[in-house]
Amino acid sequence: MHTFLRLNLHHPLILLTSLPTMTASLALPSISLNSSSVSGLRNGKGAPLGIRSLGRSRVSMTASVGSQTVQSDALFADYKPNFAFLFPGQGAQAVGMGREAQSEPAAAELYKKANDILGFDLLDVCINGPKEKLDSTVISQPAIYVTSLAAVELLRARDGGQQIIDSVDVTCGLSLGEYTALAFAGSFSFEDGLNLVKLRGEAMQEAADAAKSAMVSVIGLDSDKVQQLCDAANQEVDDANKVQIANYLCTGNYAVSGGVKGVEAVEAKAKSFKARMTVRLAVAGAFHTSFMEPAVSRLEAKLAATQIRTPRLPVISNVDAQPHSDPETIKKILARQVTSPVQWETTVKTLLSKGLKKSYELGPGKVIAGIVKRMERSAEIENIAA
């Protein structure tokens, strides 16, 4: 059996981005330690959105070789998570989201800023729909980004909220949510992040329009079995319809992306592989596969023109489930993220194995909380909607 639901979850080939190889030199590189403060994302009161008063300085390492300066990407290699902010991806949207945010001026201000950047009334679409419009890739991505950051402001306004924000020492987001996490961490301003997300949604929609593709969630199998299912489906279709695992959510829930015929073959064969069910996802196309390749160059150009700073705390990448601190590496990873499978299962498992005490899901929906609880029933996670 296969069912059609609105779920819109995100995906990837693991392309580990590396810094450019440095030419050997007789001169030893000079190492400098620089302490820098957070700038960028700010709330309606002029304070950084991620944190109002930074209690710890950020130390970054740079190596100067000849006339080239290369920033270390290993600043957060040994991170030890205690409290995490987790941000949802496309598919979490629902008509009515954003209404609660209007009770807090700093949260409401984000929607006003968004209207100026997007050129339409985002809040009206979030609150009133119609659903079909909100579900579109070009609108749902900015809507979730803004609403998730509005949830941060709602948390800040409640008793003890600022203390919770100050305690967060790691953050990540599901596909689109990685941009929200980077904004929270001060890597770029709210405005720059929204411009990136706007372009990302448009580029992904255009790439989806260029070829017939789809996504389907396979429920009830482990990743090895889902891979075998993909292999079997690929034997029956041409290269243009090949499928792959695009989103590693958690055991028993993996999203497969590819050509429409390949996805149909997965749905037809799923029962023979003992899958409980398949769920066709309401997305524009095969996200997190090579079908999204046309979007990469547009993203690269936009990212190149955007100021990205070292985040003030670890932001876990969807591409390799690792935190990165070098801005150029972050840019490369964000550009490749749309063609690479989402490593969410590894991300959550790593956080839990490293001793994560509590996490918060900020934004619309409860998809992430469900995933975390499925992986570890005793895990403590709180939903903060807007």
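Here the stretch 288-324 is the region considered, the condition is being polar (S, T, N, Q) and under 16 Å from the mean Cα position of the chain (by Cα), and the residue that is surrounded by the fewest Cβ atoms within 10 Å (Cβ to Cβ) is Gln322. Filtering the stretch 83-124 to residues that are more than 22 Å from the chain's Cα centre (by Cα) and among the hydrophobic types (A, V, I, L, M, F, W, C) leaves Ala106, Ala108, Phe120. Could you go through the stretch 268-284 and let me know if any residue there is touching a residue at least 60 places away in the same chain (Cβ under 8 Å) and either in contact with a Cys (Cβ under 7 Å, 6 or more places away or on another chain) or farther than 28 Å from Leu134 by Cα (or both). Yes.
Scanning the stretch 175-208 for residues that are open to solvent by 10 Å² or more (accessible area, probe 1.4 Å) and not in a helix (DSSP H, G or I) yields a single hit, Ser189.
Looking at the stretch 326-358 only, could you name the residues that are open to solvent by 10 Å² or more (accessible area, probe 1.4 Å) and either free of Cβ contacts under 8 Å to residues at least 60 places away in the same chain or more than 29 Å from Glu293 (Cβ to Cβ) (or both)? Selection gives Lys331, Lys349, Thr350, Leu352, Ser353, Lys354, Gly355, Leu356, Lys357, Lys358. Select, from Ser213, Ser223, the only residue that is open to solvent by 10 Å² or more (accessible area, probe 1.4 Å), of a type in the set (Ser, Thr, Tyr), at pLDDT 95 or above and over 24 Å from Ala335 (Cβ atoms). Matching residue, one of Ser213, Ser223: Ser223.
Whether a residue is among the acidic types (Asp, Glu), open to solvent by less than 30 Å² (accessible area, probe 1.4 Å) and under 17 Å from the mean Cα position of the chain (by Cα) was assessed, and Glu361 passes this test.
Would it be correct to say that Val243 is touching a Cys at 6+ places or on another chain (Cβ under 8 Å), among the β-branched types (Val, Ile, Thr) and either modelled with pLDDT under 95 or within 21 Å of Asn318 (Cβ to Cβ) (or both)? Judged against the criteria, Val243 is a match. Quick check, is Glu236 open to solvent by 40 Å² or more (accessible area, probe 1.4 Å) and touching a residue at least 40 places away in the same chain (Cβ under 8 Å)? Judged against the criteria, Glu236 is not a match.
Yes or no, residue by residue, for (1) of a type outside the set (D, E, K, R); (2) closer than 19 Å to Thr180 by Cβ:
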{"position": "Ala282", "(1), (2)": "yes, no"}
{"position": "Phe287", "(1), (2)": "yes, yes"}
{"position": "Thr350", "(1), (2)": "yes, no"}
{"position": "Ser359", "(1), (2)": "yes, yes"}
{"position": "Ile371", "(1), (2)": "yes, yes"}
{"position": "Glu376", "(1), (2)": "no, no"}
{"position": "Ala379", "(1), (2)": "yes, no"}
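With the structure loaded, tell me whether Val283 is of a type in the set (A, V, I, L, M) and more than 24 Å from Ile368 (Cα to Cα) or whether it fails that test. Taking the combined requirement at face value, the residue does not satisfy it. Regarding Ser297, is this residue under 30 Å from Val256 (Cα atoms), hydroxyl-bearing (Ser, Thr, Tyr) and without any contact (Cβ under 8 Å) to a residue 12 or more places away in the chain? Yes.
Looking at this structure, is Leu352 in contact with an Asp or Glu (Cβ under 7 Å, 6 or more places away or on another chain) and either on the phi < 0 side of the Ramachandran plot or not in a loop (DSSP other than H, G, I, E, B) (or both)? Answer is yes for this residue.
Figure legend. Inter-residue proximity from the stretch 104-129: first residues in contact (Cβ under 8 Å) with a residue 12 or more places away in the chain and open to solvent by 30 Å² or more (accessible area, probe 1.4 Å), second residues part of a helix (DSSP H, G or I) and among the β-branched types (Val, Ile, Thr), beta-carbon distance below 7 Å, spacing 6+ or different chains. No pairs are indicated.
The values are calculated or read from the model by the stated rules, or taken from the named source; none is laboratory data. Worth saying up front: this structure is predicted, and the values here are computed from it rather than measured. Neighbour counts are summed over all protein chains in view; Cβ atoms, including those assigned to glycine, are modelled from backbone coordinates with ideal geometry. Side chains included, ligands, DNA and RNA excluded: accessible areas come from the protein's heavy atoms. Shrake-Rupley method; radii C 1.70, N 1.55, O 1.52, S 1.80 Å.
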